[in-house]
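Report on the structure given below.
The values are calculated or read from the model by the stated rules, or taken from the named source; none is laboratory data. The structure displayed is predicted, hence computed values, not measured ones. Glycine gets a Cβ as well: all are built from the backbone with ideal geometry, and neighbour counts include every protein chain shown. To get the accessible areas, we keep the full protein, side chains included, count just its heavy atoms, and leave off ligands, DNA and RNA. Shrake-Rupley method; radii C 1.70, N 1.55, O 1.52, S 1.80 Å.
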Amino acid sequence: MIKKFLISLAIGASFCTNVLAQKKSPEIKKMDWFEDAKLGIFVHWGIYSVDGISESWAFFNNYINHTNYMKQLNGFTAANYNAQEWVNLIEQSGAKYTVITSKHHDGVSLWDSKATQAITTKTHSAAKKDVLTPFMQALEKTSLKKGIYFSLPDWSHPLYDINTKTKKRYAIEKEPQRWDSFVTYYQQQLKELSTQFKPDLLWFDGDWEHTDTAWRSQETQRLLQSYNPNIIINSRLNHYGDYETPEQGVPVLRPKSKYWELCYTMNDSWGFQHFDKHYKTPNMIIRTLADCISMGGNLLLDIGPQEDGSIPAPQREILKALGTWTAKHAKAVYGTRAGIPFSNFQGKSALSKDHKTLFLYLEEQKESVELAGLKSKIKDITVVGAPGAKLSYKNIGYEKIQIDLAKASFDPNVTVVAVTLEEPIQYNKNVKPTAEKLENVLNANAADTQIHLRSLVANLHAGSNLLVNSGLTSDGLNLKSPLANAKNTTIKEWISKHAEALDATTAGLPDGHYTGHSALSADRQTLYLFVEGQPTGDLALKGLKNNIARIRIVGEGSMLQHQLFNKLYWSPIPGIAYINLPKERLDKHMTVVAVLLDKPLELYREDVGAIESNL
């Protein structure tokens, strides 16, 4: 696995009946199932699971020599392999498709390939059997779409030019016939896969090692299409694919392509590794799925079976938890489209295919949420998966409503609120926080306290600090007028308690990094995160280049712990920082978390191409 994409391009959600009514071309129509699927399961299985070392890269990078790496063939038994159980578990997760490694860069084929000098599990491993065919046959009995991963490089094959990062067999320009023989070899393997298994999707990897001309990518594309005109190909066939494949790094903003898929591990490894216990929680993974859905993409979640074919318990548990959530929220998962901007809803959202239902994904339990800029008439508002749970709402400003969550049945991971509309959604894409007067905030009626606190924070997030010249002091003590004379004592006390985050702070994070409001200290070295309600899991920060020095709760000083996931030491793409916020330390109205950085804030929002290294 190599390419890492983190594409920074904001695409606004819009609706046009003329576009939706147009007849789809065959090229677009073939993508329908993929666009609707939202969840797939990746399977990385190979001889690397024997010793639990990096698939193929272990010998390529000379961490182990090639001879010793290949000795793992003698320990690959598949003794407890039950393909039907795998398929049942994948179905139970709620996935609509699966992709399995047929051959990684190490050149070991999981099926009985007849291509010249192929290394196969049937001929060369202790298992002495084709382990791919049972899985593909089990899939035939289901509605799951079938995907096959195939490595273009084959570092073990004598016809391939590259062996390791320090050893090369030959130069293509000097031995073109030898290279042509390798292309014939890999295309022969693709013919076998196409005829034997009839895949719906081909997931290539490793195209970075050569040009599309060398790989003869267009020829390969046409070869696959000759067996299946509707074959879907990922982006790793040098410009001849159908969709983008960001890897590990959850995109901050939606990728460029209409069709995209995040391939993602449960821990830090693709294949099974005995000592990798750094698993994400089911909550983290469910929220990542919601993140992908909100940006119109898919999540391809990886599992790595052990050499005997058994799936590790933590991976099984995650798949089952995922299945519980997807089953309950199916209407808000499958067939959805990208949601509305952060300025309209401070969280993740998605639209139904007909754009008549807006789904709001809530990662916290709270009293209410606000929706801004909605022009379409609301039919009703419900909680997905909770029959009969209709929610009330009220207008709190021009094109702005507040949805009451007092009767909501909250999900332990992500609650989904469905806003059903009388017509396809129309909304104002240029929403800005309501221009608020400080006196209205300070003297608000008690019943409107939360509305005005949100407005205060939303304005700060957008760069308008209402508390300039308000009488606020840096420590919140000895307040001066007009703040000292505020009639709403709750708001006054909250401001005083959180003075550090409100005095002389500036605009917060741009969209995509945090699902809430934020602010920055004047020196841009402390990031303040505003947290309303009770989060269902750890707070998540994406795309932060900085190292985190320490984290604490503003106004009471408690130090907080954080974990970093998906940060690959050889990659410039930041991981996700997850911050544990104990519920017993939450502020009744809004908690503020201070994240002290090692230097002024730096964010990762670049267009990212392939990273051609995995040291």
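Annotations
- Among the conditions (1) touching an Asp or Glu at 6+ places or on another chain (Cβ under 6 Å); (2) open to solvent by 20 Å² or more (accessible area, probe 1.4 Å), Ser376 misses just one, which is (2).
- The single residue among Gln225, Gln177 that is in a helix (DSSP H, G or I), without any contact (Cβ under 8 Å) to a residue 12 or more places away in the chain and closer than 21 Å to Tyr97 by Cα turns out to be Gln225.
- Scanning region 281-300 for residues that are part of a loop (DSSP other than H, G, I, E, B) and either within 15 Å of Ser352 (Cα to Cα) or in contact with a helix residue (DSSP H, G or I) (Cβ under 6 Å, 6 or more places away or on another chain) (or both) gives Met295, Gly296, Gly297.
Conditions tested, residue by residue: (1) under 30 Å from Leu371 (Cα atoms); (2) in contact with an Asp or Glu (Cβ under 8 Å, 6 or more places away or on another chain); (3) in contact (Cβ under 8 Å) with a residue 12 or more places away in the chain.
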{"site": "Met266", "(1), (2), (3)": "no, yes, yes"}
{"site": "Tyr279", "(1), (2), (3)": "no, no, yes"}
{"site": "Asn298", "(1), (2), (3)": "yes, yes, yes"}
{"site": "Glu307", "(1), (2), (3)": "no, no, yes"}
{"site": "Lys328", "(1), (2), (3)": "yes, yes, yes"}
{"site": "Ala338", "(1), (2), (3)": "yes, no, yes"}
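- Strands (runs of 3 or more DSSP E) wholly inside region 380-458 that include at least 1 residues being touching a Pro at 6+ places or on another chain (Cβ under 9 Å): none
- Of all residues in region 421-462, those satisfying the criterion of being open to solvent by 40 Å² or more (accessible area, probe 1.4 Å), farther than 18 Å from Asn485 by Cβ and not basic (Lys, Arg) are Glu422, Glu423, Gln426, Asn428, Asn430, Pro433, Thr434, Ala435, Ala447, Asp448, Ala462.
- Hits in region 112-146 - residues which are open to solvent by less than 10 Å² (accessible area, probe 1.4 Å) and more than 21 Å from Ser181 (Cβ to Cβ): Thr121, Ser125, Val131, Leu132, Phe135, Met136, Ala138, Leu139
- Within region 409-420, considering residues that are touching a strand residue (DSSP E or B) at 6+ places or on another chain (Cβ under 9 Å) and open to solvent by 20 Å² or more (accessible area, probe 1.4 Å), the one farthest from Thr326 (Cα to Cα): Thr420
- Among the residues of region 238-268, those that are hydrophobic (A, V, I, L, M, F, W, C) and assigned to a strand (DSSP E or B) comprise Trp260, Leu262, Cys263.
- Looking only at region 584-598, and only at residues there that are open to solvent by 30 Å² or more (accessible area, probe 1.4 Å) and among the charged types (D, E, K, R), the one that is nearest to Leu541 (Cα to Cα): Asp598
- Output for region 186-226, where each listed residue is aliphatic (A, V, I, L, M) and either modelled with pLDDT under 95 or touching a Lys or Arg at 6+ places or on another chain (Cβ under 8 Å) (or both): Leu201, Leu223
- Some residue of region 76-96 being hydroxyl-bearing (Ser, Thr, Tyr) and surrounded by 23 or more Cβ atoms within 10 Å (Cβ to Cβ): yes
- For region 523-544, residues that are of a type in the set (Lys, Arg) and more than 23 Å from the chain's Cα centre (by Cα) total 1.
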